[in-house]
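What follows is one structure encoded as structure tokens, with my remarks underneath.
The values are calculated or read from the model by the stated rules, or taken from the named source; none is laboratory data. Since the structure is predicted, the reported quantities are computational estimates derived from the model, not experimental observations. Don't worry about glycine lacking a Cβ; one is built from the backbone with ideal geometry, like all the others, and counts go over all protein chains shown. Calculation scope for accessible area: heavy atoms of the full protein, side chains included, ligands and nucleic acids excluded. Shrake-Rupley method; radii C 1.70, N 1.55, O 1.52, S 1.80 Å.
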Amino acid sequence: MVVVHDPVAVRSPISASWRRSRDAGVDAAVDAAPLVYDRDVLADARGAHPLRPHLPMLEALLRRVADETEHLMVITDADGHVLWTQGPPAARRAAEAIGLAEGFRWSEDAVGTNGIGTALAAGRPEYVFAAEHVAHILHRWSCAGAPIVDPDSARVVGCIDVSATVAALHPATVALVAAAARLAEARLENEMLARDERLRERLLPHLRGIGGAGLLVTATGRILAAGAEGLRGRRVAAPEPGGSVALPDGRVAVAEPLGEAFLLRPADRVGAHVVPGPRAREAARPAADGPLLTLSFLGDGRPHGLLDGRRFGLTLRHAEILALLALHPRGLSGDRLSLYLYGEGGSPATVRPEIHRLRQQLGDVVRARPYRLGCAVEADFLTVRRMLDEGDVAGAARLYGGELLPRSDAPAVREERDELAVRLRRLVLDRGGADALWTYAQTEPGRADLEALDRLRAVLPAGDPRGAAVASRSERLRGGES
């Protein structure tokens, strides 16, 4: 039956939760939380979650409470899926009987009012005692939960909860879980600030190169650097490559991807994309800074780059040369570059005129004897490689817009393209989680990848709006197989 409560005086957070539970059709006779993750999917969800590196800290903080007082510590994702639990055997056995265990869903729409789901729905720490729960089976339990907010995206990423039987849990426990959540957020913020500083160090030449007229922002829209005072730390809408973004002063800017970040160039300056000659570049650049070359070579779009903030287009051959030089920062001889570009049939004489034309376009950033790039280089495919090395599978999937120079037949480019594609796919399948799998499924290779789509269907929460699209695409692909 659908939950009905007598009109009694209850705390306002609980009455609001009861209304949400009623609107979701929660049955007060539900006997346990639903299982949503099997063992393999649970391992993937844990590996992809941003709280995973901070689990030892949270466990150490709450271990004494959980081990000595028959409490259970629970950490969930943003949807209330339990990823980790810790507590003494008796508490774990009692919790498993109601589904308070890894892989089960504790959102309000699944089991009604509870410390996890209600904290996530309200966006603040909450305490739920005994009969305040909707489900009758939870009336012998009390729980205190606090949501954890990612400072980068400003989105809730999880919940930390302490639960126990009614006689064992003190209401002050809500202060404990709130403090643990704030500590986790501080750890996430420290990671974010370190990433921000690395991005600023690498990418500020692009902002200076356009006279400080734009913004340097993260993929989530946080402003890392700006020519105007007082904008750093504020937010704009999350940018899309080539899309328009409203700036804080009301102007419209175009988003230029810079690997993990974006350069927002005011629309009235988009026409100034052509790279000027070397003398003009030297005049525009502060003497203490070397040039910064950023290459965008992933996906089906025309390959292009930025040199100190100024955009330029590239022929496929010139893009191949720059990709190979970026992959070999110590340089390549004419023989080796020819082999990488043309295979056994090439020769250095074929390479020399291409290098000459490339130097006419980019100036002395292209060096000879050996052929190399005499500047700092950022390239989307190199950034994806680094993210995979660091275990940031979700970030790599987000940046991977498609294969490296997909129209290239250069042997070394094909080899790098295939290696990067295979490695990304394998790690997304093994450790990516729902968001990384969904992002990968929007790329050209991912759209027709049945294994990736099947994995995505397995990890998407029940009711996720992406599920219908994934199921439809899987059915069409399977229909094509027959």
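Assorted remarks:
- Restricting the search to helices (runs of 4 or more DSSP H) fully inside segment 62-124 and requiring at least 3 residues that are within 26 Å of the chain's Cα centre (by Cα) and over 15 Å from residue 137 (Cβ atoms) gives 115-122.
- Search result, residues across segment 179-217 that are hydrophobic (A, V, I, L, M, F, W, C), open to solvent by less than 20 Å² (accessible area, probe 1.4 Å) and assigned to a helix (DSSP H, G or I): 180, 181, 184, 188, 192, 199, 203, 207
- Residue 232 being among the basic types (Lys, Arg) and either farther than 30 Å from residue 310 by Cβ or in contact (Cβ under 8 Å) with a residue 40 or more places away in the chain (or both): no
- Exactly one residue among 121, 146 is closer than 30 Å to residue 189 by Cβ, small (Gly, Ala, Ser) and open to solvent by 30 Å² or more (accessible area, probe 1.4 Å), and that residue is 121.
- Residue match in segment 133-146 (condition: within 30 Å of residue 195 (Cα to Cα) and in contact with a strand residue (DSSP E or B) (Cβ under 7 Å, 6 or more places away or on another chain)): yes
- Whichever residue in segment 218-230 is in a strand (DSSP E or B) and closer than 17 Å to residue 250 by Cα and, among such residues, is modelled with the lowest pLDDT: 226
- Residue match in segment 441-457 (condition: hydroxyl-bearing (Ser, Thr, Tyr), modelled with pLDDT of 90 or more and surrounded by 15 or more Cβ atoms within 10 Å (Cβ to Cβ)): no
- Residue match in segment 336-343 (condition: touching a helix residue (DSSP H, G or I) at 6+ places or on another chain (Cβ under 7 Å), surrounded by fewer than 18 Cβ atoms within 10 Å (Cβ to Cβ) and more than 20 Å from residue 418 (Cα to Cα)): no
- Test: residue in segment 462-476 that is over 20 Å from the mean Cα position of the chain (by Cα), open to solvent by less than 30 Å² (accessible area, probe 1.4 Å), closer than 30 Å to residue 322 by Cα and in contact (Cβ under 8 Å) with a residue 24 or more places away in the chain: no
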